[in-house]
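The values are calculated or read from the model by the stated rules, or taken from the named source; none is laboratory data. Since we're looking at a predicted model, the values are computed, not measured. All Cβ positions, glycine included, derive from the backbone under ideal geometry; neighbour counts span all protein chains shown. With ligands, DNA and RNA removed, areas are computed over all heavy atoms of the protein, side chains included. Shrake-Rupley method; radii C 1.70, N 1.55, O 1.52, S 1.80 Å.
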Amino acid sequence: MKIVIQRVTGASVTIANKKVASIEKGLLVLLGIVSDDTQEDINWLCNKIINLRIFSDDTGLMNKALLDVDGDIIVVSQFTLHAATKKGNRPSYIKAARPEIAIPLYKTFIQKLENKLGKPIQTGTFGANMQVALINDGPVTIIIDSKNKQ
């Protein structure tokens with residue numbers, strides 16, 4: 001699994017001109033799933049997301065985690081995170097998991113995050129054409145790959 005985390009002061013997801021998700025302070029998480037992702041990938045990433053200290057403390061240093069600031073989360077499925085661009089100019093998405101594999105993992109990922117956060121999280125709709133709007137705070141953008149735990 002690969003995620004892009006963006007610290008936001010506001011974010012929303014719109015589908016067919018209807019806003020389906022909206023948060024204020026928190027994280028926008030773009031999630032890409034590959035076929036060999038497992039519950040271990042989900043557990044590791046959810047722990048990382050919840051405990052990542054990327055929110056400012058009273059001195060302006062990034063010392064607080066999402067739980068410390070009572071932040072919210074929007075998760076958006078994004079198979080394009082696994083684009084292969086080595087050859088030619090048209091990305092290949094062959095590494096991205098097919099829906100029959102990705103959807104159950106996506107749902108499990110959301111449930112695990114909700115359990116850890118202690119409240120519902122917002123989402124887009126898997127496979128939909130979504131318009132994602134955000135105000136990136138900082139800007140702070142972090143990419144994490146569960147297959148490369150460095």
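Residues in segment 27-52 that are of a type in the set (D, E, K, R) and surrounded by 19 or more Cβ atoms within 10 Å (Cβ to Cβ) were compared, and the one that is farthest from Ile142 (Cα to Cα) is Asp37. Scan segment 87-103 and give yes if some residue there is open to solvent by 70 Å² or more (accessible area, probe 1.4 Å), out of contact with any Pro (no Cβ under 6 Å at 6 or more places or on another chain), basic (Lys, Arg) and farther than 27 Å from Ala16 by Cα, otherwise no. Checking segment 87-103: at least one residue is open to solvent by 70 Å² or more (accessible area, probe 1.4 Å), out of contact with any Pro (no Cβ under 6 Å at 6 or more places or on another chain), basic (Lys, Arg) and farther than 27 Å from Ala16 by Cα. Screening Ile73 with (1) farther than 17 Å from Ile144 by Cβ; (2) at pLDDT 95 or above gives one miss only, at (1). Within segment 65-93, residues that are touching a residue at least 24 places away in the same chain (Cβ under 8 Å) and among the aromatic types (Phe, Trp, Tyr) reach partners that are assigned to a helix (DSSP H, G or I) and open to solvent by less than 90 Å² (accessible area, probe 1.4 Å) with beta carbons closer than 8 Å, at six or more positions or on different chains, in the pairs Phe79/Ala102.
Ile143 - would you say it is under 13 Å from the mean Cα position of the chain (by Cα) and surrounded by fewer than 16 Cβ atoms within 10 Å (Cβ to Cβ)? So Ile143 passes the test.
Filtering segment 70-80 for residues that are of a type in the set (Gly, Ala, Ser) and either touching a strand residue (DSSP E or B) at 6+ places or on another chain (Cβ under 6 Å) or closer than 19 Å to Ala21 by Cα (or both) leaves a non-empty set.
Close Cβ contacts (under 9 Å, 6 or more residues apart or on different chains) running from residues in segment 6-26 that are farther than 19 Å from Met62 by Cβ to residues that are of a type in the set (Lys, Arg) and part of a strand (DSSP E or B) comprise Ser12/Lys19; Val13/Lys19. Is at least one residue of segment 123-137 open to solvent by 90 Å² or more (accessible area, probe 1.4 Å), hydrophobic (A, V, I, L, M, F, W, C), in contact (Cβ under 8 Å) with a residue 24 or more places away in the chain and within 26 Å of Lys18 (Cβ to Cβ)? Checked against the condition, which is being open to solvent by 90 Å² or more (accessible area, probe 1.4 Å), hydrophobic (A, V, I, L, M, F, W, C), in contact (Cβ under 8 Å) with a residue 24 or more places away in the chain and within 26 Å of Lys18 (Cβ to Cβ), segment 123-137 yields at least one hit. Condition check for Asn115 on (1) assigned to a helix (DSSP H, G or I); (2) surrounded by 13 or more Cβ atoms within 10 Å (Cβ to Cβ): one failure, at (2).
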